[in-house]
Structures are given as structure tokens and as C-alpha cells.
Amino acid sequence: MSAKGRLPHLPYVLLGAMTLVSFGGPFLIYVVVRGGSSAQWPPDRPLEWITIALVFSLVIALFFACVTIGWWYPGPRRTKGPPNG
């Protein structure tokens with residue numbers, strides 16, 4: 001048997017960050033929006049808008065990174081011809 005190389009940690013870190021932002025982001029938005037002078041929509045403070053934009057930007061960036069991770073870490077090289085053994 002041949003020893004396989006170690007798997008990179010970045011895909012797992014990206015997946016964990018995506019999970020954290022996807023589940024924690026709406027709660028963060030809720031807490032920030034509820035803390036303002038008016039709890040109704042639309043938010044009235046720049047901090048609320050910045051938080052919403054930051055959470056959405058993080059979700060989009062991490063989603064794009066998770067989807068394109070295959071471009072960063074290509075699989076094993078495939079050679080032409082029959083497989084050995």
C-alpha cells in the first residue's frame with residue numbers, strides 16, 4: 001500500500017466558516033436590528049446596515065470560495081492508459 005498525502009485543512013476551515021456565518025449571521029442581524037431605537041424594518045442606524053452588508057458579503061464570499069475550492073486543489077493527476085494493478 002502507498003501512503004496518501006495529508007488532506008489540506010483550508011477546505012474544512014472554509015466549510016466551518018460558511019456554516020458559522022450561515023447559522024450565526026441571521027442571529028447577529030436580529031440582535032443588531034433589535035438593539036436600535038426602532039425595532040421595525042427598515043433599520044435606522046448605519047451600524048445595522050453595515051452589519052447586514054457584512055454578513056451578506058461574508059456568506060457570498062465563503063459560498064464562492066467553497067464552490068470553487070476544486071479549482072484551488074486539483075485532484076490527483078490522471079494519466080492516459082490502463083491503471084496499474
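A few remarks follow.
- Here each label is just a point 7 Å from Cα along the line to Cβ, and for Val67 and Ala17 those points are 1.7 nm apart.
- Volume per residue of the C-alpha convex hull in the stretch 10-67, rounded to whole Å³: 69
Bear in mind that the values in this text are calculations on the coordinates, not laboratory data. No experiment lies behind these values; they were computed from the predicted model shown. Note that each Cβ is placed from the backbone with ideal geometry, even for glycine, and that neighbours are counted across all protein chains shown.
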